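Here, each number is a calculation from the coordinates, and none is a lab measurement. Note that the structure is predicted; figures quoted are calculated from it, not measured. Glycine gets a Cβ as well: all are built from the backbone with ideal geometry, and neighbour counts include every protein chain shown.
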Amino acid sequence: MSRYGRGALQTPNAHGAAAKAVVGMKIRRLQGHVGSTPARGTPAILRTLVTISVGLVGFGLSARQLQLPLIVAAGMSIAGVVTRQASAVQATLPGTRVLPDIEALLALQPLDLVVIATPNHLHCAQALLALEHGKHVVVDKPLARSTLEADRLIEAAARHDRKLAVFQNRRWDSDFLTIERIVAEDMLGPIVHFEARWDRYRPAVSDRWREQPQFGGGMLFDLGSHLIDQSLCLFGMPQWLQADVFAQRSGAIADDGFELRMGKGNLRITLGVSSIAADHALRYRIHGLKASYRKSGMDVQEAQLVAGLFPGDPAFGVEPQAQWGQLVGAGGSGEYAVSAERGRWLEFYHAMRRSIEEDAPVPVSAQQARKVLTVIEAARRSNLEGRRIDI
């Protein structure tokens with residue numbers, strides 16, 4: 001049996017030893033503060049008593065370098081990790097239990113929350129098992145591979161009265177939070193066109209599960225889940241869509257790009273991904289009746305976490321002024337930089353903790369994630385049938 005349970009497969013990711021050592025040192029330092037008497041001047045985040053015990057299923061990039069620092073910074077403790085990468089766990093969290101499969105993890109006591117960061121084809125079965133064992137669950141996006149699987153999880157969470165959330169961290173990107181503010185303050189006027197892109201230049205196909213459709217790979221599930229979720233947060237469900245989902249690189253067997261057009265009244269939404277775009281600066285372009293807004297470059301939080309910056313650092317999530325987006329007045333009436341909101345990925349696990357301790361809403365619900373899957377399924381149908389699909 002594999003480390004994730006029955007039928008699992010994961011290709012380990014290689015990361016720099018120096019970055020892992022820095023992240024591990026900071027995490028160990030924080031865990032040393034949490035639950036103990038804090039020193040004078042210790043940040044409030046370090047003074048929180050641990051009340052939630054977390055099990056990680058998977059220890060790839062998402063679990064190790066993105067979610068783990070956020071979990072610990074939110075004042076939760078790591079009870080165990082399901083992985084074959086025991087040395088990586090011990091380098092980051094010495095003494096932490098390394099388990100062979102999810103069944104062994106679920107036998108641990110205490111265990112309150114299970115975080116699933118495994119290949120997409122395993123999400124449904126693993127989340128169901130954790131819910132049936134009475135655990136709260138966070139699943140890395142996408143929640144599942146279909147709306148049918150999502151419905152099974154939603155029903156199980158309700159039946160067992162457990163919290164079920166989806167790790168859609170890009171809702172707390174600096175640029176997206178800035179766009180939400182711009183829209184809320186009506187800086188552009190009524191929006192007529194929203195464009196979001198996540199292009200990359202990765203011309204060679206990698207030997208990893210994200211490049212293999214049988215494991216739920218492909219860009220529509222991967223980056224598409226983020227772009228669609230952001231669009232739904234801003235505008236709700238579209239009325240129709242038309243999609244081109246494709247594989248352009250030599251040897252690619254999973255989709256490595258897509259172009260998705262959606263409409264809602266007179267609003268047009270364009271979402272796109274390319275894996276072979278040497279010029280991949282554009283992230284957002286929004287046109288309103290009063291002004292337009294454009295933004296280049298990626299949110300800084302992932303790069304900061306990989307480099308070893310801890311979420312409690314004052315610089316975490318702060319976007320350089322040179323990277324701020326530009327607002328352009330109608331008719332060329334002026335152009336100026338719009339101050340960026342600070343990125344707040346940590347808010348996801350703060351909200352998850354409040355959800356468990358205070359019965360507050362989860363940060364991203366399974367019902368919201370199901371809507372993302374509805375759009376993905378419609379996009380695949382549109383691509384297959386070569387026509388516009390009404391939603």
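Per-residue extension of 0.36 nm, minus the Cα-Cα distance of residue 335 and residue 278, leaves a gain of 17.8 nm for this segment.
If I fit a long axis through the Cα atoms of helix 147-160 and take the longest principal axis of the Cα atoms of the chain, what angle between them do I get, 0 to 90°, rounded to 10? Relative to the chain, helix 147-160 is tipped by roughly 40 degrees. Taking Cα atoms only, the orientation of helix 17-33 departs from the longest principal axis of the chain by about 60 degrees. Anisotropy class assigned to segment 239-373 is rounded, per the alpha carbon gyration tensor with a/c under the 1.5 cut-off. Helix 174-184 and the longest principal axis of the Cα set of the chain meet at an angle near 50°.
Here each label is just a point 7 Å from Cα along the line to Cβ, and for residue 103 and residue 195 those points are 5.3 nm apart. Per-residue Karplus couplings for segment 290-307, computed as 6.51 cos²θ - 1.76 cosθ + 1.60 with θ equal to phi - 60°, are listed in order as 9, 6, 10, 9, 9, 9, 10, x, 9, 3, 8, 5, 4, 4, 5, 5, 4, 6 Hz, Gly and Pro entered as x. With a Förster radius of 56 Å applied to the beta-carbon distance between residue 86 and residue 148, the computed FRET efficiency rounds to 0.95. For a Förster distance of 41 Å, can you work out the FRET efficiency between the beta-carbons of residue 206 and residue 313, rounded to the nearest 0.05? Taking R0 as 41 Å, the efficiency between residue 206 and residue 313 is 0.85. Rounded to the nearest 20, the size of the Cβ-charge dipole of segment 133-246 about its Cα centre is 480 debye, with Lys and Arg at +1 and Asp and Glu at -1. Most simply put, the chain has about 60% antiparallel DSSP beta bridges, counting only bridges with both residues inside it. This structure gives log10 I(q)/I(0) by the Debye sum over Cα atoms at q = 0.09, 0.10, 0.12 Å⁻¹, computed directly, and of (1) -0.70, -0.81, -1.02; (2) -0.54, -0.67, -0.98; (3) -0.48, -0.60, -0.88 that value is listed as (2).
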